[in-house]
Amino acid sequence: MKHLFEKVLSTRQVFRGRFLKVEQDEVQAPDGRTYVREYIKHPGAALMIPLLPNGKVVMVHQYRHALKQVFLEFPAGKRDKGEESIVTARRELMEETGYEAKDWTFLTTIHPVIGYSDEHIDLYLAKNLTHVEQKLDHGEFLEVTEVDPKDLMQMVRDGKVTDVKTQIAAFWLDKFLRGEWN
(Lines give C-alpha, C1' and ligand atoms only; values in the text may rest on other atoms or scores of the structure.)
Protein backbone atom coordinates (compact mmCIF):
# COMPACT_ATOMS: atom_id res chain seq x y z
CA MET A 1 0.00 0.00 0.00
CA LYS A 2 3.03 2.31 0.11
CA HIS A 3 2.28 3.32 -3.47
CA LEU A 4 -0.80 5.20 -2.17
CA PHE A 5 1.05 7.40 0.32
CA GLU A 6 1.53 11.11 -0.22
CA LYS A 7 4.81 12.86 0.61
CA VAL A 8 4.38 15.98 2.75
CA LEU A 9 6.38 18.84 1.22
CA SER A 10 5.32 21.58 3.66
CA THR A 11 2.90 22.21 6.51
CA ARG A 12 1.44 25.44 7.80
CA GLN A 13 -1.06 26.15 10.53
CA VAL A 14 -4.07 27.99 9.13
CA PHE A 15 -6.01 28.34 12.40
CA ARG A 16 -5.38 27.69 16.09
CA GLY A 17 -8.39 27.61 18.40
CA ARG A 18 -8.87 26.65 22.03
CA PHE A 19 -8.32 22.96 21.26
CA LEU A 20 -8.64 22.51 17.50
CA LYS A 21 -6.02 23.40 14.93
CA VAL A 22 -6.44 23.57 11.17
CA GLU A 23 -3.38 22.69 9.15
CA GLN A 24 -2.65 22.83 5.46
CA ASP A 25 -0.12 20.52 3.82
CA GLU A 26 1.35 20.69 0.36
CA VAL A 27 1.83 17.07 -0.72
CA GLN A 28 3.27 15.18 -3.61
CA ALA A 29 0.76 12.52 -4.64
CA PRO A 30 1.48 9.14 -6.23
CA ASP A 31 0.98 10.71 -9.68
CA GLY A 32 3.92 13.08 -8.99
CA ARG A 33 1.75 16.22 -8.86
CA THR A 34 1.43 18.50 -5.85
CA TYR A 35 -1.85 19.08 -4.06
CA VAL A 36 -3.07 20.97 -0.99
CA ARG A 37 -4.64 19.00 1.89
CA GLU A 38 -6.43 20.72 4.78
CA TYR A 39 -7.27 18.93 8.00
CA ILE A 40 -8.17 19.45 11.64
CA LYS A 41 -5.79 18.38 14.40
CA HIS A 42 -7.70 17.02 17.41
CA PRO A 43 -6.29 15.91 20.79
CA GLY A 44 -8.36 12.70 20.86
CA ALA A 45 -11.24 11.69 23.08
CA ALA A 46 -12.84 8.91 25.10
CA LEU A 47 -16.44 7.69 25.04
CA MET A 48 -18.04 5.70 27.81
CA ILE A 49 -20.96 3.25 27.66
CA PRO A 50 -22.12 3.35 31.30
CA LEU A 51 -24.13 0.16 31.93
CA LEU A 52 -26.37 0.24 34.99
CA PRO A 53 -27.35 -2.85 37.04
CA ASN A 54 -30.96 -2.41 35.79
CA GLY A 55 -29.70 -3.07 32.24
CA LYS A 56 -30.14 0.51 31.07
CA VAL A 57 -27.34 2.80 29.91
CA VAL A 58 -26.58 6.31 31.08
CA MET A 59 -26.71 8.83 28.23
CA VAL A 60 -26.82 12.59 27.89
CA HIS A 61 -28.83 15.08 25.89
CA GLN A 62 -26.49 17.83 24.72
CA TYR A 63 -26.87 20.86 22.45
CA ARG A 64 -24.34 20.85 19.61
CA HIS A 65 -23.87 24.33 18.21
CA ALA A 66 -22.46 23.37 14.79
CA LEU A 67 -25.80 21.68 13.95
CA LYS A 68 -27.93 23.87 16.23
CA GLN A 69 -29.75 20.93 17.81
CA VAL A 70 -29.83 18.69 20.86
CA PHE A 71 -28.44 15.17 20.44
CA LEU A 72 -28.78 12.00 22.52
CA GLU A 73 -25.21 10.76 23.07
CA PHE A 74 -23.08 8.54 25.21
CA PRO A 75 -20.93 10.65 27.53
CA ALA A 76 -17.59 11.52 25.97
CA GLY A 77 -14.88 14.10 26.22
CA LYS A 78 -11.58 15.28 24.83
CA ARG A 79 -8.24 14.20 26.18
CA ASP A 80 -6.12 16.70 28.02
CA LYS A 81 -2.53 17.03 26.83
CA GLY A 82 -0.50 13.98 27.83
CA GLU A 83 -3.50 12.25 29.40
CA GLU A 84 -4.14 8.53 28.87
CA SER A 85 -7.58 7.83 27.43
CA ILE A 86 -8.72 5.73 30.42
CA VAL A 87 -8.01 8.74 32.65
CA THR A 88 -10.08 10.87 30.28
CA ALA A 89 -12.87 8.29 30.40
CA ARG A 90 -12.97 8.19 34.21
CA ARG A 91 -12.88 11.99 34.50
CA GLU A 92 -15.51 12.64 31.84
CA LEU A 93 -17.91 9.99 33.15
CA MET A 94 -17.94 11.63 36.56
CA GLU A 95 -18.03 15.20 35.23
CA GLU A 96 -20.84 14.63 32.72
CA THR A 97 -23.03 12.05 34.47
CA GLY A 98 -22.09 12.02 38.13
CA TYR A 99 -21.15 8.33 37.99
CA GLU A 100 -17.95 6.46 38.75
CA ALA A 101 -17.30 2.94 37.48
CA LYS A 102 -15.31 0.16 39.13
CA ASP A 103 -15.06 -2.00 36.00
CA TRP A 104 -13.71 -0.67 32.70
CA THR A 105 -13.35 -2.57 29.44
CA PHE A 106 -11.63 -1.07 26.41
CA LEU A 107 -13.69 -1.85 23.29
CA THR A 108 -12.05 -0.19 20.31
CA THR A 109 -10.65 2.99 18.79
CA ILE A 110 -12.58 4.81 16.08
CA HIS A 111 -11.60 7.57 13.66
CA PRO A 112 -14.95 9.30 13.08
CA VAL A 113 -14.03 11.81 10.37
CA ILE A 114 -11.01 10.51 8.43
CA GLY A 115 -11.61 12.81 5.48
CA TYR A 116 -10.71 15.98 7.37
CA SER A 117 -9.47 15.24 10.89
CA ASP A 118 -7.00 13.09 12.80
CA GLU A 119 -9.50 12.70 15.66
CA HIS A 120 -9.64 9.33 17.36
CA ILE A 121 -12.02 8.21 20.08
CA ASP A 122 -11.38 5.30 22.45
CA LEU A 123 -14.60 3.49 23.41
CA TYR A 124 -15.02 1.93 26.85
CA LEU A 125 -17.70 -0.12 28.58
CA ALA A 126 -18.12 1.11 32.16
CA LYS A 127 -19.84 -1.19 34.67
CA ASN A 128 -20.37 -1.44 38.40
CA LEU A 129 -21.44 2.19 38.62
CA THR A 130 -21.77 4.33 41.72
CA HIS A 131 -23.57 7.66 41.64
CA VAL A 132 -21.45 10.46 43.08
CA GLU A 133 -21.77 14.09 42.01
CA GLN A 134 -21.99 15.55 38.51
CA LYS A 135 -19.27 18.18 37.96
CA LEU A 136 -19.91 19.81 34.60
CA ASP A 137 -17.24 22.01 33.08
CA HIS A 138 -17.92 25.76 32.99
CA GLY A 139 -20.27 26.42 30.07
CA GLU A 140 -21.29 22.76 29.71
CA PHE A 141 -25.00 21.96 29.91
CA LEU A 142 -26.24 18.37 29.81
CA GLU A 143 -29.31 16.42 30.75
CA VAL A 144 -28.57 12.91 32.02
CA THR A 145 -31.00 10.13 31.13
CA GLU A 146 -31.28 6.34 31.32
CA VAL A 147 -32.07 4.49 28.11
CA ASP A 148 -32.97 0.85 27.51
CA PRO A 149 -30.47 -0.59 24.99
CA LYS A 150 -33.33 -2.01 22.86
CA ASP A 151 -34.88 1.46 22.67
CA LEU A 152 -31.48 2.92 21.76
CA MET A 153 -31.06 0.47 18.87
CA GLN A 154 -34.56 1.35 17.63
CA MET A 155 -33.70 5.05 17.77
CA VAL A 156 -30.56 4.34 15.70
CA ARG A 157 -32.64 2.41 13.13
CA ASP A 158 -35.26 5.19 13.05
CA GLY A 159 -32.63 7.87 12.43
CA LYS A 160 -33.25 9.54 15.79
CA VAL A 161 -29.67 8.96 16.98
CA THR A 162 -27.38 10.29 14.27
CA ASP A 163 -24.19 11.01 16.21
CA VAL A 164 -21.69 8.58 14.68
CA LYS A 165 -19.73 7.86 17.87
CA THR A 166 -22.96 7.04 19.70
CA GLN A 167 -24.20 4.84 16.85
CA ILE A 168 -20.94 2.88 16.80
CA ALA A 169 -20.97 2.52 20.58
CA ALA A 170 -24.61 1.34 20.43
CA PHE A 171 -23.60 -1.43 18.01
CA TRP A 172 -20.74 -2.47 20.32
CA LEU A 173 -23.14 -2.47 23.29
CA ASP A 174 -25.65 -4.60 21.36
CA LYS A 175 -22.88 -7.05 20.47
CA PHE A 176 -21.78 -7.20 24.13
CA LEU A 177 -25.33 -7.76 25.41
CA ARG A 178 -25.88 -10.56 22.90
CA GLY A 179 -22.77 -12.29 24.24
CA GLU A 180 -20.95 -11.85 20.92
CA TRP A 181 -18.08 -9.93 22.50
CA ASN A 182 -16.04 -10.97 25.52
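Under unit Cβ charges (Lys, Arg +1; Asp, Glu -1), what dipole magnitude, rounded to 20 debye, does region 1-45 have relative to its Cα centre?
Here region 1-45 has a charge dipole of around 220 debye.
So what are the ³J(HN,Hα) numbers for region 159-166, from phi and the Karplus equation (6.51, -1.76, 1.60; θ = phi - 60°), rounded to whole Hz, Gly and Pro as x?
x, 8, 10, 10, 5, 5, 5, 6
On a C-alpha basis, how far is the centre of region 108-130 from the centre of region 29-66 in Å? Whole number, if you could?
After rounding, the separation between the Cα centres reads 6 Å.
Using per-residue counts of other Cβ atoms within 10 Å, averaged over each peptide, order 1-7, 163-169 from highest down.
Result, highest mean first: 163-169, 1-7.
Out of residues 5 or more away from K21 or on other chains, whose amide H comes under 5 Å of its own, with H placed 1.01 Å from N in the peptide plane?
K41
Which residues does a label at K56 reach in region 150-175, if reach means a backbone N under 17 Å from a point 7 Å past the Cα toward the Cβ?
150-155
In the neighborhood of Q13, defined by Cβ-to-Cβ distances under 9 Å, what is the net charge if each Lys or Arg adds +1 and each Asp or Glu adds -1? Walk me through the numbers on the way to the answer.
Values: positive: R12, R16, K21, K41; negative: E23.
Around Q13, the surrounding residues sum to +3.
Which value in deg cm²/dmol, rounded to the nearest 500, describes the helix-derived mean residue ellipticity at 222 nm for the chain, given -39,500 (n - 2.57) per DSSP H run of n ≥ 4 and division by the residue count?
Numbers: 3 runs with 36 residues, N = 182.
Computed mean residue ellipticity for the chain: -6000 deg cm²/dmol.
At a 1.4 Å probe radius, carbon and sulfur cover how many percent of the accessible area of the chain?
With neighbouring chains kept in place, the figure for the chain is 51 percent.
Going by average Cβ density within 10 Å per residue, which order do the peptides 43-50, 110-117 take, highest to lowest? Spell out each step's value before the answer.
Working: 43-50: 22.8, 110-117: 12.6.
Highest-to-lowest ranking by the protection proxy: 43-50, 110-117.
Once you keep just the Cα pairs under 8 angstrom separated by 6 or more residues, what percentage relative contact order results for the chain?
Working: 362 pairs, mean separation 37.7, N = 182.
Across the chain, relative contact order equals 21 percent.
With the other protein chains left in place, how much accessible area per residue, in square angstrom, belongs to region 1-139 at a 1.4 angstrom probe? Mind showing how you got there, number by number?
Numbers: 8440 Å² over 139 residues.
Result: 61 Å² of accessible area for each residue.
Taking N as the number of residues in the chain, what is its alpha-carbon radius of gyration divided by 2.2 N^0.38 Å?
Working: Rg = 18.6 Å, N = 182, 2.2 N^0.38 = 15.9 Å.
Expressed relative to 2.2 N^0.38 Å, the Cα Rg reads 1.17.
The values are calculated or read from the model by the stated rules, or taken from the named source; none is laboratory data. Not measured: the values here are computed from a predicted model. Virtual Cβ from ideal backbone geometry, glycine too; neighbours counted across all protein chains shown. Surface accessibility is based on the protein's heavy atoms, side chains included, excluding ligands, DNA and RNA. Shrake-Rupley method; radii C 1.70, N 1.55, O 1.52, S 1.80 Å.
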